[in-house]
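Visitor: Here you go, one structure.
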Amino acid sequence: MGEIFPWKEEYNTGCEEIDTQHKKLFNIINELFTAFEGSFAESQVPRILKELEDYTVYHFSTEERLFEERNYPLKEEHKKEHDSFIRKIKNFKKQMELGQNNLLAFDVMLALKDWLIDHILGSDHKYIPYLCND
């Protein structure tokens with residue numbers, strides 16, 4: 001099976017470091033979808049969720065460091081969105097640990113994917129003039 005969640009050119013911000021990190025997040029979510037659909041989901045999903053959480057924290061810290069360096073005016077609003085996504089991942093991990101049914105878990109994965117796309121195309125594209133034009 002190919003990528004469930006392919007990268008599209010419209011997601012590019014023009015910030016090489018950020019785009020590379022966004023692509024990595026897409027790869028992790030694709031790995032999560034693949035593991036979840038496969039017979040090895042039970043053993044792989046916790047590891048992939050941990051990787052998603054850790055890498056998301058790393059990525060958001062990169063963006064937030066740039067916000068400070070470039071004095072991005074919407075940084076506080078943007079940080080709140082980051083916090084919201086981390087909470088979503090933590091809640092998803094908790095649901096999986098509690099043995100929630102597969103349909104619910106799949107819906108949550110779709111919500112994570114949709115949130116990331118909306119965030120990149122919306123909030124992240126707002127910082128392009130501040131962070132990505134050197």
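Visitor: Mind checking the angle between helix 16-37 and the chain's longest principal axis? C-alpha axes, 0 to 90 degrees, to the nearest 10.
Guide: Once rounded, one gets 10 degrees.
Visitor: Report the charge-dipole magnitude of the chain in Debye, nearest 20, computed about the Cα centre from +1 at each Lys and Arg Cβ and -1 at each Asp and Glu Cβ. Working shown, then result.
Guide: Numbers: 17 positive and 26 negative charges, 85 e Å.
Roughly 400 debye, rounded to the nearest 20.
Visitor: Here's something else I'd like to know. Please compute one quarter of the surface area of the Cα convex hull for region 55-102 and express it in square nanometres. Mind dumping the intermediate values first?
Guide: Working: hull surface 14.8 nm².
Seen from a random direction, the Cα hull of region 55-102 projects 3.7 nm² on average.
Visitor: Work out from phi, with θ = phi - 60° and the Karplus expression 6.51 cos²θ - 1.76 cosθ + 1.60, the ³J(HN,Hα) of each residue of region 108-114, listed in order in whole Hz, and give x for Gly and Pro.
Guide: Along region 108-114, the couplings run 5, 4, 4, 5, 4, 4, 5 Hz.
Visitor: While we're here: Any idea what the relative contact order of the chain is, in percent, if you count C-alpha pairs under 8 Å spaced at least 6 apart?
Guide: Working: 84 pairs, mean separation 45.7, N = 134.
Computed value for the chain: 34 percent relative contact order.
Visitor: What ³J(HN,Hα) values, in whole Hz, does the Karplus curve 6.51 cos²θ - 1.76 cosθ + 1.60 give for region 5-10 when θ = phi - 60°, with x put for Gly and Pro?
Guide: 10, x, 6, 10, 4, 5
Visitor: Also, quick follow-up: Rounded to the nearest 500, what is the chain's calculated 222 nm mean residue ellipticity when only DSSP H runs of at least 4 contribute -39500 (n - 2.57) each, over all residues? Don't skip to the end; give the middle numbers.
Guide: Working: 5 runs with 97 residues, N = 134.
The per-residue figure over the chain is -25000 deg cm²/dmol.
Visitor: What per residue convex hull volume, in Å³, comes out for the chain when only alpha-carbon positions are used?
Guide: Numbers: hull volume 12.7 nm³, N = 134.
Each residue corresponds to 95 Å³ of Cα convex hull volume.
Visitor: If neighbour count is taken as other Cβ atoms inside 10 Å, put K90, K113 in order from fewest to most. Numbers along the way, then the final one.
Guide: On the way: K90 12, K113 18.
By the 10 Å Cβ count, ascending: K90, K113.
Visitor: What list of ³J(HN,Hα) couplings, whole Hz, do you get for region 78-93 from phi and the Karplus terms 6.51, -1.76, 1.60, once you set θ to phi - 60° and write x for glycine and proline?
Guide: Residue by residue, region 78-93 yields 5, 4, 4, 5, 4, 4, 4, 5, 4, 4, 4, 5, 4, 5, 5, 4 Hz.
Visitor: Now for a separate question. Which chymotrypsin sites (Phe, Trp or Tyr not before Pro) from region 57-134 combine a DSSP loop assignment with at most 15 other Cβ atoms within 10 Å? Could you put the intermediate results ahead of the total?
Guide: Working: sites: Y58, F60, F67, F85, F92, F106, W115, Y127, Y130; in loops: Y127.
Answer by residue number: there is no such site.
Just so you know, all these numbers are worked out from the coordinates, no wet-lab data involved. Owing to the predicted nature of the structure, the values given are computational and were not obtained by experimental measurement. Virtual Cβ from ideal backbone geometry, glycine too; neighbours counted across all protein chains shown.
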